[in-house]
Amino acid sequence: MTKTSILCLTVAASALFANAALAETQLTVYTAVEAEDLARYAETFNQDHPDIKINWVRDSTGVITAKLLAEKNNPQADVVWGLAATSLLVLKTEDMLAPYAPAGLDKLSANFRDSDNPPSWVGMDAWVAAVCYNTVEGGKLGMAAPTSWMDLTKPEYAGHVVMPNPASSGTGFLDVSSWLQIFGEDKGWEYMDGLHQNIAAYTHSGSKPCKMAAAGETVIGVSFAFRGAKSKAEGAPIDIIVPSEGVGWDMEAVAIVAGTANEEAAKTLLDWSITPKAMEMYNVGYAVVGIPGIAKAVEYFPEGITEAMIDNDFEWAANNRTKILEEWSKRYETKSEPKG
């Protein structure tokens, strides 16, 4: 082979690599999905769309919501994939989401989508509040397992309850907004005043209270059911309790950020995010997903929790989010963990 031929082949190969690099679209995706799941989500998506690279920006629900709002006039995200529906409703009121009806929308449960046509967001899965109770540590203290939210205000639990801060955690916010719906606003704040007396700390992660209970660092962690099921499957000595008054819940949802320069790739991700394949992927971590009939039972997921899910008024929760968080912080912030 002549030097000229080799040079031509080298140039051609370089051009192919350059074209391949140019063909790859980079999507900046903001998320509150558990960090341990992100690689799996991207890998599964890339099985069908290897030409779209996901660059994750991950934090807790409150932090991601605040970041998006702060960037309203200069959006940095293309897509939000895995953020509470209540947060996306806040972004919708600020005209920060691009309405889009993804392929397969008709397969979703009616309550797993924005009510507008086309919708501003669509749901993926639901996470549900629950209480993680460490049977070993509780037994040592002669402390019976609670059966209701009201039980958590009993003097015997003082200093042994950990829950998420609603300003930083979506789980914390669904707890607080659900208590205000379950008990009524006046009684709800009265309940939280009593609960606050027993709180050891408010965490900035929704999963951390259950992880702490699983590790014996607290007796009771107010968290979400799947985190409890996962910890129990790993051998933690915990019971996962569904409080008798009912439990709050929220949806993880997905939306396109208005003004994205990568609209076609963003639409591709949205289309894929509500496919049966995506729902099966979510079901690894969530017992309730957006398309009926797909979810299989999750080991150790508590029985009866689906029936205990309250008729959550997402619009009310979203519209009152700022007011609720301001009141909560004024009353209870002193016991929050340092942010770090």
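The values are calculated or read from the model by the stated rules, or taken from the named source; none is laboratory data. Computed from a predicted model, the values in this text were never measured in an experiment. Cβ atoms come from the backbone with ideal geometry, glycine included; neighbour counts cover every protein chain shown. Protein only, heavy atoms only, side chains kept; ligands, DNA and RNA dropped before computing areas. Shrake-Rupley method; radii C 1.70, N 1.55, O 1.52, S 1.80 Å.
Exactly which trypsin sites (Lys or Arg not before Pro) in the stretch 264-340 are in a DSSP loop and have at most 12 other Cβ atoms within 10 Å? The qualifying sites are K296, K339.
Shape annotation for the stretch 161-319: C-alpha extents along the principal axes are 51, 39, 28 Å, from largest to smallest.
Classify the stretch 140-185 from the C-alpha gyration tensor, please: rounded if a/c falls under 1.5, else prolate or oblate depending on whether a/b exceeds b/c. Oblate. Note on K107 and K140: with the Förster distance fixed at 56 Å, the Cβ-Cβ geometry gives a FRET efficiency of about 0.70. Length gained on full extension, V284 to K335: 15.0 nm, using 0.36 nm per residue less the C-alpha separation. Here the contact order of the chain, divided by its residue count and restricted to Cα pairs under 8 Å and six or more residues apart, works out to 24 percent.
Backbone N atoms of the stretch 73-88 closer than 20 Å to the 7 Å Cα→Cβ label point of T44 belong to residues 79-85. Pairs of lysine in the stretch 51-139 with Cα under 23 Å and at least 8 positions apart or on different chains: total? Lysine pairs, 8 or more places apart or on different chains, close enough: 4. Can you find, among L91, A70, P302, the residue farthest towards the positive end of the dipole of the chain? Put +1 on the C-beta of Lys and Arg, -1 on that of Asp and Glu. Value computed over the given set: A70.
Surface composition of the stretch 116-229: carbon plus sulfur atoms hold 52% of the accessible area, using a 1.4 angstrom probe and ignoring ligands, DNA and RNA.
Ranking P209, W179, G194 by Cα position along the charge dipole of the stretch 125-246, where only Lys, Arg, Asp and Glu carry charges on their C-beta atoms, puts P209 farthest toward the positive end. Between D95 and R58, the FRET efficiency estimated from the beta carbon spacing at R0 = 35 angstrom works out to 0.90.
I need the P(r) histogram for the chain: all alpha carbon pairs, bin width 10 Å from 0 out to the longest distance, whole percents. Going out from 0 Å in 10 Å bins, the chain shows 6, 25, 31, 21, 9, 4, 2, 1, 0 percent. Considering only beta bridges that DSSP places wholly inside the chain, some 60 percent are antiparallel.
For the stretch 267-331 versus the stretch 93-160, the inter-centroid distance based on Cα atoms is 6 Å.
The label point for E264 and the one for D51, both projected 7 Å from the Cα toward the Cβ, are 0.7 nm apart.
Taken per residue, the accessible surface of the chain reaches 43 Å², heavy atoms only and a 1.4 Å probe.
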